[in-house]
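Student: Can you read through this structure? Questions will come right after.
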Amino acid sequence: MLSRKPVFLKPGDDTLYPAKNKDGVIETLVNPNIDSALSIDGDSKTNFVYNRYHHLPLEAQRKKLPVFQYRNHILYLLEKYQTLILIGETGCGKSTQVPQYVYEIGHKVCVTQPRVAAALSLACRVADERSVQLGDEVGYSAAMTSMRKPDTGIVFMTEGVLLREMFASPLLMQYTCIVLDEVHERSQMTDVLMGLLKKIAKKRKNLKIIISSATMDAGFLKDYFDLNEKRASNKSSSVIMSMQGRTYPIDVFYVEEPVPDYVKATVDTVIRIHENEPFGDILAFLTSQEEILSALNTLEEYARQNNETNKYRKTFPSGISAANLSILPMYGSLPHYKQIKVFQSGDRNVRKVVLATNIAETSVTIHGVVYVVDCGFHKLPHFDPSVGVESVSVCPISRHNATQRAGRAGRTSPGKCYRLYTEDDYDNLPESVPPEMCRSDLSAMFLQLKALGIHNLLRFSFPTAPPAKSVLSSLETLYALKAIDKEGNLTDVGTKMAEVPLKPMLAKMLCNCDEFGCIDEMLSIVSMLQVDGVFSKQATGKDSIASRISRRNNFEVAEGDIIMYLNIMDSYLKLRTDNEKQTKKASKDWCQRMFLNYRVMEKAVEIRNSLEKLVKEKFLMKNKEYDGPDLGSGRCTRVMKAVVSGLFPQAAFLNPDNTYRGIRGAVLHISPDSCLYNVQQPKWVVFASVQSSGDKTFMREMMVIQKDWLLEIAPHYYKET
């Protein structure tokens, strides 16, 4: 690609190279002259991008990004070291620019993202910046869709896709540089990839690895990827580079006594800041959409009175100039047109108050924030092996989170952070939040590792070792599904299951359905279980009632949601076949009439088609023949038994107190969205997922079963007592 070997600059010792302070903590770089141009929301439910330089040509936008000044230094370090730990705040341009810099010097680059939307949008953005067609020089591969060629130079993909590529090429010989992005999220797949890349790096000394993160313990990552630690050589194989950090000092204030209600205390603190502190925007952290809307109602009422009174006054009693208030929410499921209001500059003399979940902690940069109110809590999902379901609960943040939240205040001027907990409470907080590996179900990940040939899972080099209970629970689940045998080796069914990009229970349903003679039905069911929001949400009123009636009359059945989804997919596929020429318009009209989400249905069909190729063309699966007429209740029973063959570990029975009890002891309730919510409660059910709300755990995607089926299909798991 280049006629002569490029020469890169070594980062100077004075400003650009990360220095350690007297406590041994790496200090981030300070450059007050550079603005962050791009803010990417890393919340799991949204991928919001806000670019304040969108009016400039793309080349000029690239040079405005903070990462641009570090280009030579990044390439110098990558030439000298095998692994580069790149720490830089959200919006500095790591995700879009670093892969291009590395590609420009001759590397073939793979960039991983935790979410599908991020991989697709980044690939489109980089293709635009390079003025090339997506799929040629720049491509992507995510969620069963792909636009790339064998010689594509920069490929954006989800972490799961890279893991699957290791099945074909364990040493990833097709790439010379791997960029792991958004590592600070510490998702389960991120940790697995870090463990696997460490193994590959030992075999391939010429492979370059860039670990990119907005906030993370850089020293921990450097030590983890240092392959020379046990050798006599003093030279490390990994290095840290840190980019633009906080630019202004921040004063932190604590409460003297613990607050009984942090939502009310947040509202009170915002009002006190508004009436007693100089002009500047306020960012308040709360845990959920419900809390934000509750605080929003109270503050909007106060803002209305405040703005009305300001017509007749110039200052507050404290002597501070009177300003108007604008209250804005910020959470993952908020529509984009409302999210953008948070980033827009307000009118003159209008103070902006942003009520946000932990989206605003690392994922988005809101300019103009001078005051931060930290409630001290956030929501965290966790898997309880003894109960067997994953739930979400409100729990205290870590010291690392608290520092991040405070850091939001010092971006444009000296700031203040008000913590609604005592200083003693802060000292007692954990150092950091446990990574997902330590609080989630590990069965899917263990299945993948087994298929990659890693048999001794207990000796695998995880960045953070998972708890023994979770390991045992996951291996028990895989053994119950017959994916592994008594010795822990992968069975034939397990090998098939590992190739299916689904959770182990759904993969077992699909790999087992030929025995029940219902491959097509099972393809439809598992595809519908991969999407969310099948029914379009209607506003209250006539449309909402019509939507309920349409769903009840056309699709709902006594057998439950899973068979209802099968009916929806069957009807949609029949409609598509009957109207091949005008499929799109006919399908859209039909979805509108039936109050279904057209985009979600199309996504489910896309997933079904890719799974069908795998099952029928690669696995060559064929339906088992059954004697007699194969229709009606007999066929429906077989479909339901095929579902039970995968979901049997997630069965629940009705208690005398009208709650359900999971097999491992979890207390469960029927979700209000389920078609079984308003009917006579069945005695036995299986469920595909759960949802936590408050102190209750609700079963979703349910199906009514008979107790005998559990004994018939899983005699190794159930016994009559």
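The values are calculated or read from the model by the stated rules, or taken from the named source; none is laboratory data. What you see is a predicted model; the values in this text were computed from it and never measured. Methodologically, a virtual Cβ is constructed for each residue, glycine included, from the backbone with ideal geometry; neighbour enumeration extends over all protein chains shown. Areas reflect the complete protein model, heavy atoms only, side chains present, ligands, DNA and RNA absent. Shrake-Rupley method; radii C 1.70, N 1.55, O 1.52, S 1.80 Å.
Student: For the stretch 623-651, which positions are charged (D, E, K, R) and either at pLDDT 90 or above or crowded, with 21+ Cβ neighbours inside 10 Å (or both)?
Tutor: In the first step, residues of the stretch 623-651 are kept if they are charged (D, E, K, R); the result is 624-625, 627, 630, 635, 638, 641.
Answer for the stretch 623-651, where residues must be charged (D, E, K, R) and either at pLDDT 90 or above or crowded, with 21+ Cβ neighbours inside 10 Å (or both): ARG638, LYS641.
Student: Can I ask one more? Between residues in the stretch 381-409 that are within 18 Å of PRO435 (Cβ to Cβ) and residues that are in a helix (DSSP H, G or I) and among the small types (Gly, Ala, Ser), which pairs lie under 9 Å by C-beta distance while being six or more apart or on different chains?
Tutor: Final answer for the pair search is PHE383/SER470; PHE383/SER473; PRO385/SER470; PRO385/SER473; PRO385/SER474.
Student: Let me ask something additional. Have a look at LEU420, LEU442, LEU429 and point out the one that is open to solvent by less than 10 Å² (accessible area, probe 1.4 Å) and not small (Gly, Ala, Ser).
Tutor: Numbers: LEU420 fails: open to solvent by less than 10 Å² (accessible area, probe 1.4 Å); LEU429 fails: open to solvent by less than 10 Å² (accessible area, probe 1.4 Å).
Just a single option satisfies the conditions, and that option is LEU442.
Every residue, every condition in (1) small (Gly, Ala, Ser); (2) in contact with a strand residue (DSSP E or B) (Cβ under 6 Å, 6 or more places away or on another chain), yes or no:
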| position | (1), (2) |
| --- | --- |
| ALA666 | yes, yes |
| GLN681 | no, yes |
| THR697 | no, yes |
| LEU711 | no, no |
| GLU720 | no, no |
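Student: Something else about it: Using the structure shown, decide if LEU654 is hydrophobic (A, V, I, L, M, F, W, C), closer than 21 Å to ALA688 by Cα, modelled with pLDDT of 90 or more and touching a helix residue (DSSP H, G or I) at 6+ places or on another chain (Cβ under 9 Å). Spell out the reasoning first.
Tutor: Details: hydrophobic (A, V, I, L, M, F, W, C): yes; closer than 21 Å to ALA688 by Cα: yes; modelled with pLDDT of 90 or more: yes; touching a helix residue (DSSP H, G or I) at 6+ places or on another chain (Cβ under 9 Å): no.
Judged against the criteria, LEU654 is not a match.
Student: When you check LEU710 against the structure, is it aliphatic (A, V, I, L, M), within 34 Å of the chain's Cα centre (by Cα) and over 18 Å from ALA480 (Cα atoms), yes or no? Quick ask: steps written out before the conclusion?
Tutor: Numbers: aliphatic (A, V, I, L, M): yes; within 34 Å of the chain's Cα centre (by Cα): yes; over 18 Å from ALA480 (Cα atoms): no.
No, not satisfied.
Student: A follow-up question, please. Can you find a residue in the stretch 159-171 that is free of Cβ contacts under 8 Å to residues at least 60 places away in the same chain, surrounded by 19 or more Cβ atoms within 10 Å (Cβ to Cβ) and aliphatic (A, V, I, L, M)?
Tutor: yes
Student: Could you list all residues from the stretch 79-120 that are part of a helix (DSSP H, G or I), open to solvent by less than 40 Å² (accessible area, probe 1.4 Å) and hydrophobic (A, V, I, L, M, F, W, C)?
Tutor: Taking the stretch 79-120 first, the residues part of a helix (DSSP H, G or I) are 79-80, 94-104, 116-120.
Going one step further and asking which of them are open to solvent by less than 40 Å² (accessible area, probe 1.4 Å), we end up with 94-103, 118-119.
Of everything in the stretch 79-120, those that are part of a helix (DSSP H, G or I), open to solvent by less than 40 Å² (accessible area, probe 1.4 Å) and hydrophobic (A, V, I, L, M, F, W, C) turn out to be VAL98, VAL102, ALA118, ALA119.
Student: Would you check if there is a residue in the stretch 535-545 being open to solvent by less than 80 Å² (accessible area, probe 1.4 Å), within 30 Å of the chain's Cα centre (by Cα), at pLDDT 85 or above and of a type in the set (Ser, Thr, Tyr)?
Tutor: Looking for residues that are open to solvent by less than 80 Å² (accessible area, probe 1.4 Å), within 30 Å of the chain's Cα centre (by Cα), at pLDDT 85 or above and of a type in the set (Ser, Thr, Tyr), one finds none in the stretch 535-545, hence no.
Student: Based on this model, can you work out whether ILE359 counts as aliphatic (A, V, I, L, M), surrounded by 13 or more Cβ atoms within 10 Å (Cβ to Cβ), touching an Asp or Glu at 6+ places or on another chain (Cβ under 6 Å) and at pLDDT 90 or above?
Tutor: No; evaluated as a whole, the condition is false for this residue.
Student: Looking at the stretch 288-320 only, could you name the residues that are surrounded by fewer than 12 Cβ atoms within 10 Å (Cβ to Cβ) and either of a type in the set (Asp, Glu) or touching a residue at least 24 places away in the same chain (Cβ under 8 Å) (or both)?
Tutor: GLU301, GLU308, PRO317, SER318
Student: I would also like to ask the following. Go through the stretch 370-406 residue by residue and tally those that are more than 27 Å from ASN276 (Cβ to Cβ) and more than 20 Å from the chain's Cα centre (by Cα).
Tutor: 6
Student: Which condition number does SER440 fail, the rest of (1) of a type in the set (S, T, N, Q); (2) out of contact with any strand residue (DSSP E or B) (no Cβ under 8 Å at 6 or more places or on another chain); (3) at pLDDT below 90 being met?
Tutor: Here SER440 meets the rest and fails (2).
Student: Give me a count of the residues in the stretch 685-697 that are within 20 Å of ILE525 (Cα to Cα) and either open to solvent by 40 Å² or more (accessible area, probe 1.4 Å) or not hydroxyl-bearing (Ser, Thr, Tyr) (or both).
Tutor: Selection size over the stretch 685-697: 6.
Student: Since GLY410 meets every condition but one in (1) at pLDDT below 90; (2) more than 27 Å from the chain's Cα centre (by Cα); (3) surrounded by fewer than 18 Cβ atoms within 10 Å (Cβ to Cβ), which condition does it not meet?
Tutor: GLY410 satisfies every listed condition except (3).
Student: Something else now. Show me the helices (runs of 4 or more DSSP H) entirely contained within the stretch 384-491 in which 3 or more residues are more than 26 Å from PHE225 (Cβ to Cβ).
Tutor: By residue number, 399-407, 423-428, 468-480.
Student: I'd like the residue in the stretch 121-158 that is of a type in the set (Gly, Ala, Ser), under 28 Å from PRO57 (Cα atoms) and in a loop (DSSP other than H, G, I, E, B) and, out of all such residues, is most open to solvent (accessible area, probe 1.4 Å). Even if it seems obvious, please write down each step before you answer.
Tutor: Filtering the stretch 121-158 down to residues of a type in the set (Gly, Ala, Ser) leaves 121, 123, 127, 131, 135, 139, 141-143, 146, 153.
After this cut, where a residue has to be under 28 Å from PRO57 (Cα atoms) as well, the list is 121, 123, 127, 131, 135, 139, 141, 153.
Now drop any that are not in a loop (DSSP other than H, G, I, E, B), which leaves 131, 135, 153.
Details: SER131: 104, GLY135: 7, GLY153: 5 Å².
The residue in question is SER131.
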